[in-house]
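**Student:** Below you will find the structure I want to go over with you.
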Amino acid sequence: MRIERIETFLVPPRWLFCRVETDTGLVGWGEPVVEGRAEVVRTAVEVLAEYLLGEDPLRIEQHWQVLTKGGFYRGGPVLSSAVAGLDQALWDIAGQAYGVPVHALLGGAVRDRVRIYSWIGGDEPGEIADAAAAQVAAGLTGVKMNASGQLSPIPTPAEIDAVLGRVVAAREVLGDDRDIALDFHGRAGFAAVRRILPELAPLRPFFVEEPVLPDQAHHLRDIVACSPVPVATGERLYGRGEFLTPLQAGVAVVQPDLSHAGGISEVRRIAALAETYGALLAPHCPLGPIALAASLQVALATPNFLIQEQSIGIHYNADSELLDYVVDPEPFRFVDGHIVKFDGPGLGVTVDEAAVRKAAKSPHAWRNPVWRHPDGSFAEW
């Protein structure tokens, strides 16, 4: 079996899919994307495809080594995301070739279902209660929201109170039987986070995500030491080496993205590394159906898995929804706040190729917002 063709598709709302076809007719799908830079990743996939064409798709580890290390300049979000999508597609082909789901190739399932959570906003505090109530109605047992909108470099007492008020509003709806994760998005800064986290502790968040920016990971040890709340990070880290500093600092949860951090192959290794530090895996995934399917395959086979993010109904999906691109949505059906183990071969979902090709005729050009402080200087989004 040889790889015969590799195609990419820019599809709404902000995703990039890749299709890897073999000379035997087997087709694997992946999702190589950096949100807001999808066109750049598309070019990287096209360059990496030069190596893969004509190769045996089942030599996944060999290809991962060459794709990640074959260039003198390595790493970073664009190249790692390009490799991630291609890696997903190769695992998809391998599962189909052997007639088993990817989680079977990873050693078999260690759980029967995967706990999931949904995003409920947070930028606009007035929407929190209604959004949380909708997730309760959907049967979910966990939600995540932004800790704030735009923050001052050193937040005012009013801004800090607003962060606390958001969690109070969600907790009143969710009660004590459901979990609230809080995403700081690196907006607060080191000094502010050290002040805020102890005040959040009585509200018992599930975890706080990205309390500081990835390039300030040297602060994480002090943040963990001052925080009674579990600390999570990792959506903007792209390989296991980058997770060493957070893990050595004592973070409780790592959040690699299957479409950014080298795909199934590398996230599996990141999870194993985290396990040696007693940390849990909660993959980042506000993306499409292929990324979610890949994340679920890893979740099913990973002992230290905690919870899975997913984007069904997220506000980014205004133009197209995750389920629009699959033939059968059943694998993604929620049951009591979980997705039940599914055993279809490969990634276990069938991509609606006709829908993808149709959507790709109107490619997106999504960009994240650029925020500014009142004085005109740049603010973290």
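The values are calculated or read from the model by the stated rules, or taken from the named source; none is laboratory data. Bear in mind the structure is a predicted one, so any value in this text is a computation, not a measurement. Note that we place each Cβ from the backbone using ideal geometry, even for glycine, and neighbour counts take in every protein chain shown. Each accessible area value is taken on the protein alone, full model and side chains, heavy atoms only, with ligands, DNA and RNA left out. Shrake-Rupley method; radii C 1.70, N 1.55, O 1.52, S 1.80 Å.
**Student:** Taking the residues in the stretch 359-381 that are outside any loop (DSSP other than H, G, I, E, B) and in contact (Cβ under 8 Å) with a residue 40 or more places away in the chain as candidates, determine which candidate is surrounded by the most Cβ atoms within 10 Å (Cβ to Cβ).
**Tutor:** Taking the candidates together, the pick is 359.
**Student:** Pick out the one residue from 20, 78, 41, 33 that is under 20 Å from the mean Cα position of the chain (by Cα), aliphatic (A, V, I, L, M) and closer than 21 Å to residue 297 by Cβ.
**Tutor:** That would be 33, the only listed residue that is under 20 Å from the mean Cα position of the chain (by Cα), aliphatic (A, V, I, L, M) and closer than 21 Å to residue 297 by Cβ.
**Student:** Then there is this: Would you mind telling me which numbered condition in (1) at negative phi; (2) at pLDDT 95 or above; (3) open to solvent by 10 Å² or more (accessible area, probe 1.4 Å) residue 278 fails?
**Tutor:** (1)
**Student:** Would you pick out the residues in the stretch 202-234 that are within 21 Å of residue 119 (Cα to Cα), of a type in the set (A, V, I, L, M, F, W, C) and either modelled with pLDDT under 95 or not in a loop (DSSP other than H, G, I, E, B) (or both)?
**Tutor:** The answer is 203, 208, 231, 232.
**Student:** Also: Can you name every residue in the stretch 328-346 that is in a strand (DSSP E or B) and on the phi < 0 side of the Ramachandran plot?
**Tutor:** Selection gives 334, 335, 338, 339, 340.
**Student:** Confirm whether residue 109 is of a type in the set (A, V, I, L, M, F, W, C), surrounded by fewer than 24 Cβ atoms within 10 Å (Cβ to Cβ) and in contact (Cβ under 8 Å) with a residue 60 or more places away in the chain.
**Tutor:** yes
**Student:** Could you check residue 272 against (1) under 28 Å from residue 138 (Cα atoms); (2) assigned to a helix (DSSP H, G or I); (3) over 14 Å from the mean Cα position of the chain (by Cα) and say which number it fails?
**Tutor:** Every listed condition holds for residue 272 apart from (1).
**Student:** May I ask you to say which residue of 180, 160, 154, 128 is under 22 Å from residue 373 (Cβ atoms), open to solvent by less than 30 Å² (accessible area, probe 1.4 Å) and touching a helix residue (DSSP H, G or I) at 6+ places or on another chain (Cβ under 7 Å)?
**Tutor:** 160
**Student:** Search the stretch 208-231 for residues that are open to solvent by 20 Å² or more (accessible area, probe 1.4 Å) and pair each with any residue that is in a strand (DSSP E or B) when their beta-carbon atoms are under 6 Å apart and the residues are at least 6 apart or on different chains.
**Tutor:** Pairs that qualify, where the first residue is open to solvent by 20 Å² or more (accessible area, probe 1.4 Å) and the partner is in a strand (DSSP E or B), are 224/231.
**Student:** Moving on to the next point. Could you check the stretch 304-319 and list, in sequence order, the residues that are open to solvent by less than 20 Å² (accessible area, probe 1.4 Å) and under 17 Å from residue 11 (Cβ atoms)?
**Tutor:** Once the filter is applied, which keeps residues that are open to solvent by less than 20 Å² (accessible area, probe 1.4 Å) and under 17 Å from residue 11 (Cβ atoms), the stretch 304-319 yields 311, 314, 317.
**Student:** Return the residues of the stretch 12-39 that are surrounded by fewer than 22 Cβ atoms within 10 Å (Cβ to Cβ) and either farther than 14 Å from residue 367 by Cα or in contact with a Cys (Cβ under 9 Å, 6 or more places away or on another chain) (or both); say none if nothing qualifies.
**Tutor:** Within the stretch 12-39, 19, 21, 22, 23, 24, 25, 26, 27 meet the criteria.
**Student:** Does residue 133 satisfy the condition of being touching a residue at least 24 places away in the same chain (Cβ under 8 Å), more than 22 Å from the chain's Cα centre (by Cα) and open to solvent by 30 Å² or more (accessible area, probe 1.4 Å)?
**Tutor:** yes
**Student:** Does the stretch 138-166 hold any residues that are of a type in the set (D, E, K, R) and part of a helix (DSSP H, G or I), and which are they?
**Tutor:** Answer for the stretch 138-166, where residues must be of a type in the set (D, E, K, R) and part of a helix (DSSP H, G or I): 159, 161, 166.
**Student:** Got a sec? Which of 356, 349 is in a loop (DSSP other than H, G, I, E, B), among the β-branched types (Val, Ile, Thr) and farther than 21 Å from residue 235 by Cβ?
**Tutor:** 349
**Student:** I'm trying to understand the selection: among the residues of the stretch 235-264, which are assigned to a loop (DSSP other than H, G, I, E, B) and either in contact (Cβ under 8 Å) with a residue 60 or more places away in the chain or on the phi > 0 side of the Ramachandran plot (or both)?
**Tutor:** Within the stretch 235-264, 236, 238, 239, 250, 258, 259, 260, 261, 262 meet the criteria.
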